[in-house]
1. Take the residues in segment A:6-44 that are part of a loop (DSSP other than H, G, I, E, B), facing another protein chain (nearest Cβ under 10 Å) and under 18 Å from the mean Cα position of the chain (by Cα), then tell me which one is surrounded by the most Cβ atoms within 10 Å (Cβ to Cβ).
2. Pick from B:L12, B:L55: which is hydrophobic (A, V, I, L, M, F, W, C), within 14 Å of chain C (Cβ to nearest Cβ), out of contact with any strand residue (DSSP E or B) (no Cβ under 9 Å at 6 or more places or on another chain) and within 30 Å of B:P228 (Cα to Cα)?
3. Could you count how many residues in segment A:60-115 are outside any helix (DSSP H, G or I) and over 30 Å from A:A26 (Cβ atoms)?
4. Could you count how many residues in segment A:45-64 are of a type in the set (S, T, Y) and either surrounded by fewer than 19 Cβ atoms within 10 Å (Cβ to Cβ) or in contact (Cβ under 8 Å) with a residue 60 or more places away in the chain (or both)?
5. C:N39: more than 7 Å from every other protein chain (Cβ to nearest Cβ) and either touching a residue at least 60 places away in the same chain (Cβ under 8 Å) or in contact with a strand residue (DSSP E or B) (Cβ under 9 Å, 6 or more places away or on another chain) (or both), yes or no?
6. Considering only segment B:124-147, I want to know if a residue exists there that is closer than 24 Å to C:L102 by Cβ, modelled with pLDDT of 90 or more and surrounded by 19 or more Cβ atoms within 10 Å (Cβ to Cβ).
7. Which fully enclosed helices (runs of 4 or more DSSP H) of segment C:11-126 have 1 or more residues being closer than 26 Å to C:E192 by Cα?
8. Among the residues of segment C:52-70, is any within 11 Å of another protein chain (Cβ to nearest Cβ) and more than 22 Å from the chain's Cα centre (by Cα)?
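The values are calculated or read from the model by the stated rules, or taken from the named source; none is laboratory data. Keep in mind that what you see is a predicted model, and the values were worked out from it rather than measured. Note that we place each Cβ from the backbone using ideal geometry, even for glycine, and neighbour counts take in every protein chain shown.
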Amino acid sequence: MIEEGRPIFLQIAEGVEAAIVDGSLAEEAQAPSTNELAAFHRINPATAAKGVALLVDQGVLYKKRGIGMFVASGARERLLEARRAAFAERYIGPLLVEAHALGLGPDELSAIIRERATAPTTSTTSEGITP
Amino acid sequence: MSRTLNVVRMQLINKQTYIWIPLIILAGAFALSLAVYAIIPSDGVKIGGGSQAPLWYFGVVGVQALTLTFPFSQAMSVTRRAFFLGTLLTAAITSAILAAIFVVGGLVEKATNGWGMNGWFFWLDWIWASGALGAGLFYFVLALMFFIVGFWAATIYKRFGSLWLTVILVGLGVLFVGALFVIGRLDAWAAVFTWFATQGAVGLALWGLALIVVLAAASFGTLRRATP
Amino acid sequence: MSHVIEVSHLTKRYREAVAVDDVDFAIQKDKIYGLLGRNGAGKTTVMSILTAQNFATRGTVRVFGEDPYENAQVLSRMCFVRESQKYPDDALPLHAFRTARLFFPNWNQDFADRLIAEFQLPMKTRIKKLSRGQLSAVGVIIGLASRAEITFFDEPYLGLDAVARQIFYDRLLEDYAEHPRTVILSSHLIDEISHLIERVLVIDQGRIIMDEDTDTVRGLAANIVGDSAAVDAFTDGRDVIHRESLGRVASVTVLGALTDADREQLRAAGLDVGPVSLQQLIVRTTQHAGTAGEAHAEGVLR
């Protein structure tokens, strides 16, 4: 859950962001409190608070006095935007490096991607999982 | 002030150390003495050393008050001053209780003429020469003195180590023997005994108090820089 | 930011050795600190001096702005139960807790009772007859239930098994969330407590070699693994605190956050980047400080 070698507060923020992006945490819904996050991950509440504060600074969460933290409207779209912008850097970059090492050019890469994208995969659909 | 009183309560939380064990030792020594007296077929005055037992135990309590309770008091965030005063107060209270028991015991003993056996445990003529109050003071000071000697010796040990404690005790021993030697040389034994006799129990008790004050002050001075 | 403890030029010299060597630091209010270091590094000595149980040779200590020595006002707001705490002879855990109740103004008996149940502590067994773990539990319970404004835990969980240690960490965090206070936790089990502590204070051979926010330190190093020539090319000019090699493969711990450009470079060179746990970082920094000389280590991390 919590990785070594990276600041915990960043990982907390990323966890909340991931929940917003995959829809499990809806916009205008109440976000987990600092203490809940701290208890769940078994971390210092101040660290959890730092992660939440980061999200408030970025406009992903906002505070309703006396009640708690809520997901801002439009947060999901903004997060998706940011991830799209980083997509090339985070995923395509390493992909190209490995492809280069294996001697695969852009055309071959495109073919592989197209093939994979249309075939059913067990990791993203639940049909493949037998109880 | 309240933290000092809380130190007294702390010392007395475990009733064993300051109350039950001294009483058990006293009761045991008393019973044993009476049993021995009953066995002796003489009608003469019988005196044993049994009544000393609880006093020696008070010396042990004094030692343990420092070696075991002091480190714990530090963990309880108690200042050395509060610990010292509270512990001394506890020792005074329990010494007073012990003295009271000795006085009552002595009165009963006298009234029964040595438990009907001419056997004496609490009552010694020269201690009771000034009456019950004098005897009470004497026993009080004696118990407290045993305590403070144990406490003082333990502070020396804690602060300076066993080497220095030995040096000091040996030094005191040497002084004592030296004093005996000087008295002998000056042929002053008679004068010494007379002095003791004229002091009486009350007088000796007062000298004892002076010694207690000196040892208490010395213990506190040492305690101030002792680590648990 | 208010400082509840301020230490300046603190030195403790024994006849044979210097236990604490000209140390400066400040402890901020209501944070959980990890005081980390090897056995004999000076952790217990520092904590003893802060609580006036031991005395400095030189330097000043201010707790709540005052000298703690014989200062009942200040001392009653602190709690320091040490690793091998002595208890009065024949005392029962019951007596220890009753006494704690007398002296700690914030003592909470309900909390203590819950902890006693959780640690399964036998209340009527003499303390001197308790197992090592049970003895530690007594100290831990006193430290937690005292709710003292500054609480020191000096490796009090030695002897506690993994389950009991987890109980301690969980209760500490829980109670800290409800009743914030300053907590200083000394330990050599760094990875176990790394998620709990907000700040890291590392002491080695009597000197402070690290005084940082934990999250800052977590990103401070990386492990680079791969062909040794490529590794050395990358690490040239960087702070290396650890190096291992097996044949042509080298594993190097490098200080300094990696930029995106760095990661690009590493990918291109076919090198693997791995995270460095807090424990590894501190251990390697300490070892490195030991061999490279103090001046270098001080400059690197402070």
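1. In this case the residue turns out to be A:P7.
2. Working: B:L55 fails: within 14 Å of chain C (Cβ to nearest Cβ).
Just a single option satisfies the conditions, and that option is B:L12.
3. From segment A:60-115, those outside any helix (DSSP H, G or I) are A:60-74, A:103-105; that's our starting set.
Keeping just the survivors that are over 30 Å from A:A26 (Cβ atoms) gives A:103-105.
Within segment A:60-115, residues that are outside any helix (DSSP H, G or I) and over 30 Å from A:A26 (Cβ atoms) number 3.
4. Going residue by residue through segment A:45-64, those that are of a type in the set (S, T, Y) are A:47, A:62.
Next, from what is left, pick out any that are either surrounded by fewer than 19 Cβ atoms within 10 Å (Cβ to Cβ) or in contact (Cβ under 8 Å) with a residue 60 or more places away in the chain (or both): A:62.
Qualifying residue count for the region: 1.
5. Working: more than 7 Å from every other protein chain (Cβ to nearest Cβ): yes; either touching a residue at least 60 places away in the same chain (Cβ under 8 Å) or in contact with a strand residue (DSSP E or B) (Cβ under 9 Å, 6 or more places away or on another chain) (or both): yes.
Answer is yes for this residue.
6. Of segment B:124-147, the ones closer than 24 Å to C:L102 by Cβ are B:147.
From what's left, modelled with pLDDT of 90 or more: B:147.
Add one more test, that the residue is surrounded by 19 or more Cβ atoms within 10 Å (Cβ to Cβ), and what stays is B:147.
Looking for residues that are closer than 24 Å to C:L102 by Cβ, modelled with pLDDT of 90 or more and surrounded by 19 or more Cβ atoms within 10 Å (Cβ to Cβ), one finds at least one in segment B:124-147, hence yes.
7. Numbers: elements: C:43-50, C:72-75, C:93-103, C:109-118.
Once the helices (runs of 4 or more DSSP H) in segment C:11-126 are filtered for at least 1 residues that are closer than 26 Å to C:E192 by Cα, what remains is C:43-50, C:109-118.
8. Yes, the conditions are met somewhere in segment C:52-70.
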